[in-house]
Amino acid sequence: MLLLRAAALTDIGNVRRENEDRFLLDEKDRLFGVADGVGGLPGGAEAAQHAIDEIAGAIRGMTPGSEPDLVAIVQYANEMVASLGQRISPSIGIGTTLTFGWIRDTTLKIAHVGDSRCYAARNGEFVCLTEDHSVENEARVRRARGEVVYYHEANRNALTRCIGQPTPPEVDVVLRPLAPGDRILFCTDGVTRMMPNSELGELLMKSDQPKAAADAIVSLAVRRGGPDNATCVAIFVDAV
């Protein structure tokens, strides 16, 4: 089994009146991730917290040795967040992104809905393992299939999927083999919109400790204006 070191940091930023980001860091159950309450809707913080709580409860409640159905777990979390939304915001509901990973043996299993992200670094290479569920990205995929798609530039970053929507969301599941020396990063768009991937990877890879990496990444996002809440979880993979 690989050894893990992890740290997380969240910051309200310089503009928002409330921090609607939440993170998940459970080294015992090897469960990590982030959720970002959907801006423009009420109850973003409640949506993000409820999603994180549902995911953590489902993984911790598994029979030892069993394999979680990440899609079913996320869709159940969606149902619970939607139900909460009917109570606290019946007219328009509530919503959140959700990107989390569970590590068993030498494999990271990621479930993803929304535009928070998961990255991986290995031997100097830094890659994004998830794809934002945005209007722009959906249009690009549909155009690749030959469809004619238009959208307003102002809506290019609008979400096409979230947790809390009335119908079960499509859930992206990504498997990533892990090896000693790997580094994994989960973060919200309050981080990713403030720096290019190349700079984000440099900050992750040059740090000796996950706490130093998380501090450097979130601090830079805030120094660059901090227009949104900024949150990240950094995981360093070590040899036994």
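The values are calculated or read from the model by the stated rules, or taken from the named source; none is laboratory data. The model shown is predicted, which means the values in this text are computed figures rather than measured ones. Cβ atoms come from the backbone with ideal geometry, glycine included; neighbour counts cover every protein chain shown.
Quick notes on this structure:
Residue-by-condition table, conditions (1) in contact (Cβ under 8 Å) with a residue 12 or more places away in the chain; (2) touching a strand residue (DSSP E or B) at 6+ places or on another chain (Cβ under 6 Å); (3) of a type in the set (Ser, Thr, Tyr):
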| site | (1), (2), (3) |
| --- | --- |
| 25 | yes, yes, no |
| 34 | yes, yes, no |
| 72 | no, no, no |
| 80 | yes, no, no |
| 111 | yes, yes, no |
| 118 | yes, yes, no |
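Okay, residues lined up against (1) small (Gly, Ala, Ser); (2) under 27 Å from residue 179 (Cα atoms):
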position	(1), (2)
1	no, yes
6	yes, yes
11	no, no
25	no, yes
34	no, yes
37	yes, no
42	no, no
60	no, yes
79	no, no
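- Residue satisfying all of: in segment 195-239; aliphatic (A, V, I, L, M) and touching a Pro at 6+ places or on another chain (Cβ under 8 Å); nearest to residue 104 (Cα to Cα) among these: 237
- Number of positions in segment 61-101 that are surrounded by fewer than 22 Cβ atoms within 10 Å (Cβ to Cβ), at pLDDT 95 or above and outside any helix (DSSP H, G or I): 1
- Among the residues examined, residue 49 qualifies as within 19 Å of residue 10 (Cβ to Cβ) and surrounded by fewer than 20 Cβ atoms within 10 Å (Cβ to Cβ).
- Given (1) under 19 Å from the mean Cα position of the chain (by Cα); (2) surrounded by fewer than 17 Cβ atoms within 10 Å (Cβ to Cβ), number of the condition residue 58 does not satisfy: (2)
- From 239, 221, 213, 234, residue being over 16 Å from residue 118 (Cβ atoms), small (Gly, Ala, Ser) and crowded, with 21+ Cβ neighbours inside 10 Å: 221
- The one condition in (1) buried (at least 19 other Cβ atoms within 10 Å of the Cβ); (2) within 15 Å of the chain's Cα centre (by Cα); (3) at pLDDT 95 or above that residue 25 fails to fulfil: (1)
- Candidate set from segment 58-67 (those that are free of Cβ contacts under 8 Å to residues at least 40 places away in the same chain and either among the hydroxyl-bearing types (Ser, Thr, Tyr) or touching a helix residue (DSSP H, G or I) at 6+ places or on another chain (Cβ under 9 Å) (or both)); member that is nearest to residue 116 (Cα to Cα): 58
- Residues that are modelled with pLDDT under 95 number at least 1 in the following helices (runs of 4 or more DSSP H) confined to segment 112-222: 135-144.
- When the residues of segment 30-50 are filtered to those that are more than 17 Å from residue 114 (Cβ to Cβ) and modelled with pLDDT of 95 or more, the one that is farthest from the chain's Cα centre (by Cα) is 30.
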